[in-house]
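Note sheet for the following structure.
Read the figures in this text as sums done on the coordinates, not as results from a lab. Given the structure is predicted, the values throughout are model-derived calculations rather than measurements. Cβ atoms come from the backbone with ideal geometry, glycine included; neighbour counts cover every protein chain shown.
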Amino acid sequence: MSVNAITQARQYLTFKLGNEIFATDVEKVREVLDLTTITKIPRTPEFMAGVINLRGSVVPVVDLRLCFEMSKTESTRNTCIVVVEVQLDNESTIIGALADSVEEVIDLEPDQIQPAPKIGTQIRTEFIRGMGKRDTQFIIILDIDRVFSSEDIAVARGQATAQQLADKQPAEVAA
């Protein structure tokens, strides 16, 4: 959904990654959990923090900071897992996303949201729905369905083949 498709006020859950505030549509958020034990899975991409047990279901957890090429999330008392429901190929997938802290649920009117900046071809902005403005602060509104590529979601679901995982590993240089 583009900024132009936002025609009415929407609610967004805001959360911090580093010093930046991000938001996602509350309709995509299942729940927010305190940080719990995350079981690491061998041979997964660096952004995959591991999996958690959520009431008997295995839920993959990603480190959003690493997805956005920031430093790894450090565990603090405010660190939490935002459990979201994303769509891939018309199929619903539950994923946990590490956040430094959850801020609040806010309402933004369409006129408070501007398109993501276009800064050449080097910076990927297709996962940014828009830039919200509240007082003097900018809020990066994520299109959570586009944050993860199809390949990333396949890895998160555990459906990637060994070859797909191997392709993500740096090539070894033969001596």
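Quick one: net charge around E109, please, counting Lys, Arg +1 and Asp, Glu -1 for every other residue with C-beta under 12 Å from its C-beta.
In short, +1.
The stretch between E27 and Q8 holds 5.4 nm of extra length on full extension. This uses 0.36 nm per residue minus the Cα-Cα distance. Sorted into 10 angstrom bins from 0, the C-alpha pair distances of segment 34-90 split as 20, 53, 25, 2 percent. In a DSSP loop and with at most 10 other Cβ atoms within 10 Å, the GluC sites (Glu not before Pro) in segment 59-140 are E69, E74, E126. For a straight C-alpha distance cut-off of 18 angstrom, the aspartates and glutamates reachable from K16 (same-chain residues fewer than eight places away being disregarded) are D25, E31, D34, D63, E69, E74, D100, E103, E104, D107, D135, D143.
Over segment 1-105, the fraction of Cα-Cα pairs per 10 Å bin, rounded to whole percents and listed from the shortest bin up, is 14, 45, 33, 7, 0.
Summary of the geometry: segment 14-34 and segment 71-141, compared by the centres of their Cα atoms, lie 6 Å apart. Label sites at D34 and R146, each approximated as a point 7 angstrom past Cα along Cα to Cβ, lie 3.7 nm apart.
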